[in-house]
Amino acid sequence: MNIWNRSTRIPEIYGTIIALGLIVYFFAMYALGLLQVIELRLLNLLIMLGGVYYAMKQFSRTHHGHMNYFRGLAIGVSTSAIGSSTFALFLFFFLRFDKGLMQYIIEHEPMGPYLNAYIASFMVLLEGIFSGLFITFVLLNWVHSDQVNEPSGTSS
(Lines give C-alpha, C1' and ligand atoms only; values in the text may rest on other atoms or scores of the structure.)
Protein backbone atom coordinates (compact mmCIF):
# COMPACT_ATOMS: atom_id res chain seq x y z
CA MET A 1 0.00 0.00 0.00
CA ASN A 2 1.27 3.44 -0.95
CA ILE A 3 2.03 5.75 1.99
CA TRP A 4 -0.19 8.47 0.46
CA ASN A 5 -3.21 6.15 0.46
CA ARG A 6 -3.09 5.19 4.15
CA SER A 7 -6.18 6.82 5.60
CA THR A 8 -4.95 6.34 9.17
CA ARG A 9 -1.82 8.41 8.57
CA ILE A 10 -3.31 11.39 6.72
CA PRO A 11 -3.04 13.86 9.65
CA GLU A 12 0.58 12.88 10.31
CA ILE A 13 1.57 13.14 6.65
CA TYR A 14 -0.10 16.46 5.93
CA GLY A 15 0.75 17.87 9.37
CA THR A 16 4.40 17.20 8.61
CA ILE A 17 4.02 18.88 5.22
CA ILE A 18 2.49 21.93 6.95
CA ALA A 19 5.37 22.02 9.44
CA LEU A 20 7.95 21.77 6.65
CA GLY A 21 6.20 24.56 4.74
CA LEU A 22 6.19 26.79 7.84
CA ILE A 23 9.85 26.06 8.55
CA VAL A 24 10.90 26.80 4.95
CA TYR A 25 8.86 30.02 5.02
CA PHE A 26 10.43 30.97 8.38
CA PHE A 27 13.96 30.46 7.01
CA ALA A 28 13.12 32.48 3.89
CA MET A 29 11.86 35.39 6.00
CA TYR A 30 14.85 35.03 8.33
CA ALA A 31 17.31 35.11 5.41
CA LEU A 32 15.57 38.14 3.88
CA GLY A 33 15.46 39.96 7.21
CA LEU A 34 11.65 40.19 7.16
CA LEU A 35 10.81 38.46 10.45
CA GLN A 36 9.72 41.76 11.99
CA VAL A 37 7.04 42.36 9.31
CA ILE A 38 3.95 41.08 11.13
CA GLU A 39 1.68 41.22 8.08
CA LEU A 40 3.73 38.48 6.37
CA ARG A 41 2.63 36.06 9.08
CA LEU A 42 -0.74 35.88 7.34
CA LEU A 43 0.92 33.70 4.71
CA ASN A 44 1.24 31.05 7.44
CA LEU A 45 -2.54 30.75 7.19
CA LEU A 46 -2.26 29.95 3.50
CA ILE A 47 0.27 27.21 4.20
CA MET A 48 -2.01 25.72 6.85
CA LEU A 49 -5.09 26.17 4.66
CA GLY A 50 -3.43 24.23 1.84
CA GLY A 51 -2.32 21.41 4.13
CA VAL A 52 -5.70 20.98 5.80
CA TYR A 53 -7.55 21.20 2.47
CA TYR A 54 -5.41 18.53 0.83
CA ALA A 55 -5.67 16.32 3.94
CA MET A 56 -9.46 16.46 3.69
CA LYS A 57 -9.36 15.78 -0.04
CA GLN A 58 -7.02 12.83 0.51
CA PHE A 59 -9.33 11.40 3.17
CA SER A 60 -12.28 11.76 0.83
CA ARG A 61 -10.31 10.12 -1.99
CA THR A 62 -9.27 7.13 0.15
CA HIS A 63 -12.87 6.66 1.34
CA HIS A 64 -14.50 6.66 -2.12
CA GLY A 65 -15.75 10.25 -1.93
CA HIS A 66 -17.33 9.96 1.51
CA MET A 67 -16.33 12.15 4.42
CA ASN A 68 -18.50 12.52 7.49
CA TYR A 69 -18.61 16.08 8.88
CA PHE A 70 -17.18 15.05 12.25
CA ARG A 71 -14.50 12.88 10.64
CA GLY A 72 -13.53 15.90 8.53
CA LEU A 73 -13.39 18.00 11.68
CA ALA A 74 -11.09 15.46 13.33
CA ILE A 75 -8.87 15.24 10.24
CA GLY A 76 -8.54 19.02 9.92
CA VAL A 77 -7.92 19.75 13.60
CA SER A 78 -5.43 16.92 14.04
CA THR A 79 -3.57 17.86 10.85
CA SER A 80 -3.24 21.49 11.90
CA ALA A 81 -2.32 20.53 15.48
CA ILE A 82 0.47 18.25 14.28
CA GLY A 83 1.79 20.93 11.93
CA SER A 84 1.58 23.66 14.57
CA SER A 85 3.15 21.62 17.35
CA THR A 86 6.02 20.50 15.14
CA PHE A 87 6.68 24.09 14.07
CA ALA A 88 6.45 25.32 17.68
CA LEU A 89 8.98 22.68 18.73
CA PHE A 90 11.29 23.78 15.91
CA LEU A 91 10.85 27.42 16.94
CA PHE A 92 11.66 26.59 20.56
CA PHE A 93 14.99 25.03 19.60
CA PHE A 94 15.72 27.83 17.14
CA LEU A 95 15.10 30.51 19.78
CA ARG A 96 17.30 28.63 22.26
CA PHE A 97 20.04 28.47 19.62
CA ASP A 98 19.75 32.00 18.19
CA LYS A 99 20.01 34.27 21.22
CA GLY A 100 20.04 37.36 18.98
CA LEU A 101 16.54 36.68 17.67
CA MET A 102 15.20 36.08 21.16
CA GLN A 103 16.79 39.33 22.32
CA TYR A 104 15.27 41.19 19.36
CA ILE A 105 11.83 39.83 20.32
CA ILE A 106 12.33 40.87 23.94
CA GLU A 107 13.31 44.41 22.93
CA HIS A 108 10.71 45.07 20.23
CA GLU A 109 7.52 43.24 21.22
CA PRO A 110 5.00 44.82 23.59
CA MET A 111 5.18 41.90 26.04
CA GLY A 112 8.84 41.28 25.23
CA PRO A 113 10.32 41.62 28.74
CA TYR A 114 8.04 38.80 29.91
CA LEU A 115 8.88 36.42 27.06
CA ASN A 116 11.34 33.58 26.84
CA ALA A 117 11.72 30.72 24.36
CA TYR A 118 9.17 28.59 26.21
CA ILE A 119 6.43 31.20 26.26
CA ALA A 120 7.09 32.41 22.70
CA SER A 121 6.90 28.84 21.37
CA PHE A 122 3.77 28.14 23.38
CA MET A 123 2.10 31.26 21.96
CA VAL A 124 2.97 30.13 18.44
CA LEU A 125 1.46 26.73 19.27
CA LEU A 126 -1.77 28.31 20.54
CA GLU A 127 -1.97 30.59 17.52
CA GLY A 128 -1.52 27.63 15.20
CA ILE A 129 -4.10 25.46 16.93
CA PHE A 130 -6.75 28.18 16.93
CA SER A 131 -5.94 29.07 13.33
CA GLY A 132 -6.32 25.40 12.46
CA LEU A 133 -9.70 25.24 14.18
CA PHE A 134 -10.90 28.27 12.23
CA ILE A 135 -9.53 26.98 8.92
CA THR A 136 -11.09 23.55 9.47
CA PHE A 137 -14.48 25.06 10.27
CA VAL A 138 -14.40 27.23 7.15
CA LEU A 139 -13.23 24.40 4.91
CA LEU A 140 -15.85 21.98 6.19
CA ASN A 141 -18.54 24.40 5.12
CA TRP A 142 -16.95 24.61 1.67
CA VAL A 143 -15.70 21.06 0.99
CA HIS A 144 -18.35 18.42 0.29
CA SER A 145 -19.06 16.17 3.25
CA ASP A 146 -21.75 13.63 3.99
CA GLN A 147 -24.68 14.66 6.11
CA VAL A 148 -24.37 13.82 9.78
CA ASN A 149 -27.84 12.34 9.96
CA GLU A 150 -31.28 12.82 8.49
CA PRO A 151 -33.16 15.93 9.57
CA SER A 152 -35.57 15.55 12.43
CA GLY A 153 -39.21 15.03 11.50
CA THR A 154 -38.65 13.25 8.18
CA SER A 155 -39.45 9.65 7.62
CA SER A 156 -37.77 7.29 5.24
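The values are calculated or read from the model by the stated rules, or taken from the named source; none is laboratory data. This one's a predicted model, so the numbers in the text were calculated from it and none came from an experiment. Methodologically, a virtual Cβ is constructed for each residue, glycine included, from the backbone with ideal geometry; neighbour enumeration extends over all protein chains shown. We work out accessible area using only protein heavy atoms, side chains counted, and drop any ligands, DNA or RNA first. Shrake-Rupley method; radii C 1.70, N 1.55, O 1.52, S 1.80 Å.
Of the listed peptides 10-16, 67-73, what is their order by residue-averaged count of other C-beta atoms within 10 Å, with the highest listed first?
Working: 10-16: 20.9, 67-73: 17.1.
Top of the packing list down: 10-16, 67-73.
Note the angle between two axes, namely the Cα long axis of helix 99-108 and the longest principal axis of the Cα atoms of the chain, as a number of degrees from 0 to 90, rounded to the nearest 10.
90
Along segment 8-15, what does the Karplus equation 6.51 cos²θ - 1.76 cosθ + 1.60 (θ = phi - 60°) give for ³J(HN,Hα), rounded to whole Hz, x for Gly and Pro?
Per residue, the Karplus-derived 3J(HN,Hα) values read 7, 10, 4, x, 5, 5, 6, x Hz.
In degrees, nearest 10, range 0 to 90: what is the angle between the Cα axis of helix 69-97 and the longest Cα principal axis of the chain?
Helix 69-97 and the main axis of the chain meet at about 10 degrees.
In square angstrom, what is the accessible area per residue of the chain with a 1.4 angstrom probe?
Working: 9810 Å² over 156 residues.
That works out to 63 Å² for each residue.
Quick query: amide H of residue 68 versus all other amide H atoms, modeled in the peptide plane; which residues come in under 5 Å with a sequence gap of 5 or more or a different chain?
146
Carbon and sulfur: what percent of segment 1-111's accessible surface (1.4 Å probe)?
On the way: 4450 of 6570 Å².
Of all accessible area on segment 1-111, carbon and sulfur atoms account for 68 percent.
Using Cα pairs under 8 angstrom and six or more residues apart, how large is the relative contact order of segment 10-156, in percent? Write down the numbers at each step before the final one.
Working: 144 pairs, mean separation 48.4, N = 147.
Contact order relative to length: 33 percent.
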